[in-house]
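Heads up, the thing below is written out as C-alpha cells.
Read-outs throughout are calculated quantities, based only on the coordinates presented, and are distinct from any laboratory measurement. Not measured: the values here are computed from a predicted model. When we count neighbours, we look across all protein chains shown, and the Cβ atoms used for this are built from the backbone with ideal geometry, even at glycine.
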Amino acid sequence: MTEPTTLAIDAARYFGVAAPIRVRDRLRITVVDRAFEPETDDLQRDWVASVAAPAFAILRRRGPPEARRAFATIGTGVGLDALAAIELLEAEVVGLTDLFPDVVDAAALNVRANLRETVPVLVHAGAGDLLEPLAGRGLRFDVIYENLPNLPIDDPALIAVARTAASFVPPRPEPVPKFVADSLLVLHHLALREARDLLAPGGSVISTLGARLPLVDILRMAEEAGYAPRFLTYGWKLQAVAEDVIGTYAALQTRGLGPFHFFEAQRLERAFAGLDPETAGRDALAIERDLVPGRLDAVEALTAHRSGRRIGHTVAVLESQREESR
C-alpha cells in the first residue's frame, strides 16, 4: 500500500459552473491506493467532469430540488461524483458505496471536508457489493448513479491490466439474460435490479456506459430489469489505456462475445460537432445509425490503434425509471 495523495481541484472548472455554491471553491481530495485517480489535468478524460456533471446539470433543470434531494453512488472512488451531486443536484442526503473500506472511508471524508460550512449534508457510507451496504437502512434515493466496469477478469493474465484500466469485474454468480452477459453489461444490469428497492417514488437510476455495443442492447438491458429507459446524454471519448482495453475487447470478441464497436476519433469529432450532450441524447439512435458506415469492431480497432490511428468510442448516459413511475 502506498501513502495517500492529495489533489487540489478547482471546483468551478471541474463541475462546469460559474462559481460553486455548496462545495468549496478549491477541493482537496485524498486518493487512497485502491481508488482510481481523477484525470484532473485533462477533464475530457475524466468521467465525472465530462460525463456525470453534464448529466446532473440536465437533471437539475428538470424540476424542483425536492425531486433530487437524496442521491446515492455505486463505486464512488474518491467521492467526486457525490460532490457533483451536492453542487449540481443540491443533494442533501448522500449514500456512498465502494468495494473497499479504506476507499469508502476516504470518500466520505472527502465529501464532508469539501462542503461549505453552511451546507448540511447527511452522508451514509458503506463498503461492499453494489448497493448492499445501503440496503436494510430504510433509505430511499431520488437519484442512484453508477459508472461500473464492464470487462470480466476471469483470465489471470488480465489482473495486471485491471489495476490500471479500472474496467474489470470479477465473475458474478447471479443469473442474467444471455445477451446481457454477451454484451458485458452484467454489473449495470445487477445494479438496476438492486436499485428497485432503494428508489424513491419517481426516482431514476443514472447509468453511465462506454457504448461499445448497439444502443438498443443498452435499452433492452434496462427493460429486462423492469425499467422504462431513455438516453439522457450521448457523446464520445478517446479510448483510454487503448492497447490494453481494446486488446481485451478484441480477445473477448474472438471468443464469441460482442461484437464491440469503436471508431476513428476524426469520425466521432465530425458526428458530434456542434451537438450539446442533451440534444445528442434525444437523437442518440439516429446518430448511431449515421455512424454505422465507419464502425470498427474490436479486432479492426486494435489493428487501427497499432497503426497509429486515434480510436474512440461513444458514451451514453442512460436514465431508467421503474415502469410504474412512468
* Structure fact -> Taking the alpha-carbon centre of each part, the distance from region 226-247 to region 59-127 in Å is 23
* Asked: Quick one, which of (i) 122; (ii) 134; (iii) 163 is the actual volume of the Cα convex hull per residue in Å³ calculated for this model?
  -> (ii)
* Treat the count of other C-beta atoms within 10 Å as a stand-in for reagent exposure and order Leu88, Leu99 from fewest to most. => Leu99, Leu88
* Using 7 Å Cα-to-Cβ label points, what is the Val216/Lys178 separation (nm, one decimal)? -> 1.8
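Under the 0.36 nm per residue contour assumption, what length would be gained going from the current alpha-carbon distance of Asp33 and Glu323 to full extension? Mind dumping the intermediate values first?
Details: separation 290, 0.36 × 290 = 104.40 nm, distance 3.98 nm.
Using 0.36 nm per residue and subtracting the Cα-Cα distance, I get 100.4 nm.
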* Structure fact -> For the pair Asp102 and Arg309, the simple spin-label estimate (label points 7 Å beyond Cα toward Cβ) gives in nm 4.2
